[in-house]
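Have a look at the structure below before the remarks.
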Amino acid sequence: MKCRLYKFVLGCVVVMLMIATKADSNEVIIKDDDISISKAELSNAIKYWAKKDRSLALKDYVLRQDLINSFIINYKLAGKSDEITAESDPVFYWQSQFAIRNLKNKMYIEYYSRKLKVPDMMELAKEVLMASRDKFATLPEKRKASHILLKCMGKDCNRGEKKITAEKILKKLKEGAKFEELVEKYSDDHATKIRQGKVKEDLVLGGTKVDPRFVSGAFSIDKVGEYSGVVSTRFGLHIIRLDELIPSSFKPDKEVLPSIVTKLEKRYKLLSKKVLIKSLRLSKESKVNQDLIDEILKEYTLDSEVKN
């Protein structure tokens, strides 16, 4: 008996709290002229204030009043817009109606996308990866290289003379001269010279970090330890040595699958929105008076449009 009484009292309390909360949310918080703003409406409006403004409004009364005034001005202007009818000003009326409708459409599509339940795409992502691993998971071949640079930039530099010197250096290397010693003696690239000619960046065909001609020169070498011919770039003339070749490979599945899942989810949402929009087209049972549409369109002949 006591248990039933307890449950009854508890139920009454819950109902009273719900009624009080509802009444509280409907409580008028601002009244001005003929408008009344409820606590619920202002609470929701404040959600869209800038975070900084919300914080400052707690302490800064002037800022708070400015923000409230902006809200009230928007409210009253919207009210004035609602007073304009199709009879009083048809141009403004229909422009505003279509603008509001377009905004609502956009907001609903965003809402639909946000609320859409997307199925788990992991298994499908695994199938996609198995079928197109080269597309999603390939790591390109990389190369590491060192070089000797004979700097030649601008009109004052004679590339012909520099090339003769570069060919002589290359000949010495092929005859067995020590690369590091010739780097120290001839190279004008001080950044790589301190590393015995080693280029810090990994070289990848199609990469953007290193001059593409230099990269092509490095990829023209067949074996590690061998040299390119004399390679010309905007910096000058290079002799490149291949130091390491890292073959192309595949990324681990766990690194690739999340991005495929994301793409599949986006695709699912896009197709779902298209299905939604298509479902809202004219139904087979619709009736359209084409004669009246023709009558309206006759007002917009090519001549009248040109004049306008």
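Some notes on this structure:
Residue by residue, here is whether (1) loosely packed, with under 12 Cβ neighbours inside 10 Å; (2) part of a helix (DSSP H, G or I); (3) charged (D, E, K, R) holds:
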position: 239; (1), (2), (3): no, no, no
position: 245; (1), (2), (3): no, no, no
position: 256; (1), (2), (3): no, yes, no
position: 274; (1), (2), (3): yes, yes, yes
position: 296; (1), (2), (3): yes, yes, no
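- Candidate set: the range 128-138, residues that are surrounded by 11 or more Cβ atoms within 10 Å (Cβ to Cβ) and out of contact with any Leu (no Cβ under 9 Å at 6 or more places or on another chain); chosen: the one farthest from residue 263 (Cα to Cα): 138
- The set of residues in the range 155-197 being of a type in the set (D, E, K, R) and under 21 Å from residue 144 (Cα atoms) consists of 174, 178, 180, 181, 184, 188, 189, 193, 195.
- Residue satisfying condition, being in a helix (DSSP H, G or I), without any contact (Cβ under 8 Å) to a residue 60 or more places away in the chain and not basic (Lys, Arg), within set 181, 167: 181
- One residue stands out among those in the range 139-164 that are part of a helix (DSSP H, G or I) and either charged (D, E, K, R) or within 47 Å of the chain's Cα centre (by Cα) (or both): the one that is surrounded by the most Cβ atoms within 10 Å (Cβ to Cβ), which is 162.
- Considering 73, 100, 84, 37, the condition of being touching a strand residue (DSSP E or B) at 6+ places or on another chain (Cβ under 6 Å) and not acidic (Asp, Glu) is satisfied by 37 alone.
- Any hit, the range 220-229, residues being over 35 Å from the mean Cα position of the chain (by Cα), outside any loop (DSSP other than H, G, I, E, B), among the polar types (S, T, N, Q) and assigned by TED's automatic domain parsing to the domain that holds residue 157: yes
- Filter result for residue 134 (in a helix (DSSP H, G or I) and of a type in the set (Asp, Glu)): yes
- Some residue of the range 32-47 being at pLDDT below 95 and farther than 28 Å from residue 76 by Cα: no
The values are calculated or read from the model by the stated rules, or taken from the named source; none is laboratory data. Just so you know, these numbers come straight off a predicted model, no measurement behind them. Backbone-built Cβ (ideal geometry, glycine too); neighbour counts: all protein chains shown.
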